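Report on one structure; see the data block that follows.
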Amino acid sequence: MALVLHESAEMYLETIHRLTQEQDMVRSVDVANAMGYSKPTISEWVNKLSDAGYINISDHGALTLTDAGLEVATKIFERHQTLTQLFEALGVNPDTAEEDACRVEHYISDETFMALKKHLSEHGQ
């Protein structure tokens, strides 16, 4: 089953990635709690992401990213961190910078993101 990765799918992968860095085992309930969504909603997406080859689900319910899932999650996570840093450097309140980065990270082109990243590195941000 081919799954086109839109914002919500990217957010699930990014959340699983973030949680994996914070705890030994990530389950659907952890993703639900982190994202503020219901367990049935998360379970539906977990199954879709598993069917599409982005995550694995163990017999005990542990979620792990496949190589393809990790690639997407890492890309989105990097965008989130870089955009948050850029917005804060521009004087945006940290909470607003975080929220705006979360929105923009899914829609910004690779070209624009790379230009922003280059700008940040050249200007010591």
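Some notes on this structure:
- Taking each residue of segment 1-18 that is hydrophobic (A, V, I, L, M, F, W, C) and looking for partners that are modelled with pLDDT under 90 and in a helix (DSSP H, G or I) with beta-carbon atoms closer than 9 Å, six or more apart or interchain, yields Leu3/Ala9; Met11/Cys102.
- Looking across segment 4-32, the residues that are surrounded by 14 or more Cβ atoms within 10 Å (Cβ to Cβ) and in a loop (DSSP other than H, G, I, E, B) come down to Leu5, Val26, Arg27.
Let's see how each residue does on (1) assigned to a helix (DSSP H, G or I); (2) within 17 Å of the chain's Cα centre (by Cα):
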residue	(1), (2)
Ala34	yes, yes
Leu49	yes, yes
Leu70	yes, yes
Gln81	yes, yes
Thr84	yes, yes
Tyr107	no, yes
Glu111	yes, no
Lys118	yes, no
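- Residue within segment 93-103 that is in contact (Cβ under 8 Å) with a residue 12 or more places away in the chain and among the acidic types (Asp, Glu) present: yes
One line per residue, one yes/no per condition, for (1) touching a helix residue (DSSP H, G or I) at 6+ places or on another chain (Cβ under 7 Å); (2) among the β-branched types (Val, Ile, Thr); (3) closer than 22 Å to Phe113 by Cβ:
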position: Lys39; (1), (2), (3): yes, no, no
position: Ala68; (1), (2), (3): no, no, yes
position: Val72; (1), (2), (3): yes, yes, yes
position: Leu83; (1), (2), (3): yes, no, yes
position: Glu88; (1), (2), (3): yes, no, yes
position: Gly91; (1), (2), (3): no, no, yes
position: Thr96; (1), (2), (3): no, yes, yes
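- Test: residue in segment 60-68 that is under 20 Å from Ala101 (Cα atoms) and hydrophobic (A, V, I, L, M, F, W, C): no
- Some residue of segment 36-46 being modelled with pLDDT of 95 or more and in a loop (DSSP other than H, G, I, E, B): no
- For segment 86-104, the tally of residues that are hydrophobic (A, V, I, L, M, F, W, C) and more than 14 Å from the chain's Cα centre (by Cα) stands at 6.
- Screening Thr82, Thr66, Thr112, Thr96 for residues that are crowded, with 18+ Cβ neighbours inside 10 Å, among the β-branched types (Val, Ile, Thr) and farther than 14 Å from Glu7 by Cα leaves exactly one candidate, Thr82.
The values are calculated or read from the model by the stated rules, or taken from the named source; none is laboratory data. Everything quoted here is computed from the prediction, not taken from an experiment. Cβ: placed from backbone, ideal geometry, glycine included. Neighbour counts: every protein chain shown.
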